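One structure below.
What follows is calculated from the coordinates using simple rules that are stated; it is not laboratory data. Everything numeric in this text was worked out from a predicted model, so none of it was measured. Counting neighbours? That spans all protein chains shown, and the Cβs are built from the backbone with ideal geometry, glycine included.
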Amino acid sequence: MEKKYGEVESGSATIVVRGVTSRLREILARWMMDVPEIMTLDGGILGEDHFWIRFIDKDDRCYVVFEFNGEFDILSEMRADSLAWEGEDFFASRWR
């Protein structure tokens with residue numbers, strides 16, 4: 001995940017999609033995912049009309065990245081188990 005999208009929280013807190021700047025929570029709201037169990041991390045641009053958003057799904061205890069287009073259609077999803085990824089740091093995690 002970090003190879004493609006960079007280190008966690010190294011991306012942007014807003015994304016400009018087709019000239020409109022949106023906070024990450026606003027993007028999640030388009031998919032009805034603006035809920036307390038989701039913690040936004042960062043997002044960015046992969047190419048023309050191709051974007052990504054990374055967040056933590058606290059219920060599933062995993063990091064998630066959605067890639068989406070300018071119509072906010074989700075093109076792909078990647079998940080990483082937080083315990084496997086963070087190791088012992090998982091137990092001191094701020095969102096646990």
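Quick look at the numbers
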| item | result |
| --- | --- |
| Mean shadow area of the chain, taken as a quarter of the surface of its Cα convex hull (nm²) | 5.9 |
| Cut-off 14 Å between beta-carbons: net charge of the residues surrounding Lys4, Lys and Arg +1, Asp and Glu -1 | -2 |
| Proxy reagent accessibility, fewest Cβ within 10 Å first, across Ser12, Ser76, Ser22 | Ser76, Ser12, Ser22 |
| 5 angstrom amide H check on Gly11, placed H, neighbours 5+ away | Gly43 |
| Length gained when the stretch Ala13-Asn69 is fully extended (0.36 nm per residue, less Cα-Cα span) | 18.4 nm |
| Computed P(r) (all Cα pairs; region 34-74; 10 Å bins; percent) | 31, 48, 20, 1 |
